[in-house]
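Report on one structure; see the data block that follows.
Every number here is computed from the coordinates shown, using simple stated rules; none is lab data. Quick caveat: nothing in here was measured; it's all calculated off a predicted structure. Positions of Cβ are generated from backbone atoms using ideal geometry, with glycine treated the same way; all protein chains shown enter the neighbour counts.
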Amino acid sequence: MRTALLVMMASALGVSLPGCGSSGPPAVAGNPAPPSPRNEGQERVQFHTQADTVTALHGSELGIVGTPGRTPQIRFMVQIGAFRDPHHASAVQAGARKRYHMPVLNDFLAGPGLYQIRIGFFESRENARSFQQQMKRDHPSEYGDSWIVQLKW
């Protein structure tokens, strides 16, 4: 009974126990399992991600807070860059988050292999443009090439 319970728990967790189950031959001491295949030319890059739960300060001034009793229709963001290097993209994302205390997204486009960094959630193009112009005035060397993107629904 105890063995059956361990096998069920291991199965639920995706763990295989040597000598248990019928998916393959039991492990034998001195006869290790063959190594899993590897692609030698490819380096695996791992990233730590987390949910963006930043509460925007002065949200009503930036157009990111809706009218009371109405769900805002987020339609625009400001894209501050598109990068091939994932580490550089993450650094730009972290810097913008720290500077503006707003949600900053890092979306990967597999086709061209680009990491798009976008900031803010705006209901109108005018609100997004106002924020973009403020960014360009305050930090022209970093956000001078930013642009407005419209989200597709």
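So the values come out like this:
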| item | result |
| --- | --- |
| Taking VAL92, VAL78, VAL149 and counting other C-beta atoms within 10 Å, the order from fewest to most | VAL149, VAL92, VAL78 |
| Environment charge of PHE76, counting only residues whose C-beta is closer than 13 Å and scoring Lys/Arg +1, Asp/Glu -1 | +3 |
| SER90, SER141 arranged by Cβ crowding within 10 Å, fewest neighbours leading | SER141, SER90 |
| Exposure proxy ranking, count of Cβ atoms within 10 Å, fewest first, for LYS152, LYS98 | LYS152, LYS98 |
